[in-house]
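The structure under discussion appears below in the form of structure tokens.
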């Protein structure tokens, strides 16, 4: 189903030439295309985290029910997307980020920062709590080797030393968010989030020097978090002109998330 994208002032030009966003909210996928049109799809499951792996596939893990939790690959992302089960993991993980041949995230239960097996999402190293209660989004800047984490409890942006498991506060988002997911793409940190100030499920940008959030797209509504919590994640791939077909995923080039 095609639904309109609501753009903030001045965002239309940049979004037209931009990448393709995959914003997951519970079992609904909003795909924002390079021309800023929005397609909406109902999936067979949820994705508490999603990311683009080294093979160019959008992969993730669900968090409903009991352990083990299913892991998935998003097939046919540029057509009619669907989820294919790829295995399972003992614990659901928020905010997965791939860094080279490594992967990191936050345990959804303990809120600890953890290193993951990049193929199975099994936890292989636990760094403990980083001084803030988990994160709803991770984005890795490969050029500057900086991992960013967004915390929903205090609505803050942090930089994370993923080798030592330490974090430094950058600043406040300036908005109150519920669940979310982040991705660093082509020099910009993007955040899909349930914005409690506006009442919209949104995609926006986060200034990595100050933490300030700015809205790009308002995609729809979300359930009152006092009634039910809806899982959110974000993945980003290049526009079709920059893609080559690769197997089931239909991708060859992608950027890393979380």
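Okay, which of the range 58-72 sit inside 17 Å, backbone N to the point 7 Å along the Cα-Cβ direction of residue 109?
61-71
As a footprinting exposure proxy, order 51, 91 by other Cβ within 10 Å, with the fewest listed first.
Exposure proxy ranking, most exposed first: 91, 51.
Taking 8 Å as the Cα distance limit and 6 or more residues as the minimum spacing, I'd like the relative contact order of the range 2-242 as a percentage.
18 percent
Assuming 0.36 nm per residue, please report the length gained on full extension of the stretch residue 88 to residue 126 beyond their Cα-Cα distance.
Roughly 11.8 nm would be gained on extension.
Of the residues 215, 223, 42, which exhibits the maximal mean-square fluctuation in a Gaussian network model of the chain defined by a 10 Å Cα contact cut-off?
Sorting by GNM fluctuation, first place goes to 223.
Stretch residue 142-residue 40 to full length: gain in nm at 0.36 nm per residue minus the Cα-Cα span?
33.7 nm
Arrange 201, 24 by Cβ neighbour counts within 10 Å, fewest through most, would you?
Ascending Cβ contact count within 10 Å gives the list 201, 24.
State the extension gain, in nm to one decimal, for the chain segment bounded by residue 227 and residue 31, taking 0.36 nm per residue of separation less the distance between their alpha-carbons.
The residue 227-residue 31 span can extend by a further 68.0 nm.
Laboratory data are not the source of any read-out in this text; all were calculated from the coordinates shown. Computed from a prediction, not measured in an experiment: that's the story for all the values here. Neighbour counts are summed over all protein chains in view; Cβ atoms, including those assigned to glycine, are modelled from backbone coordinates with ideal geometry.
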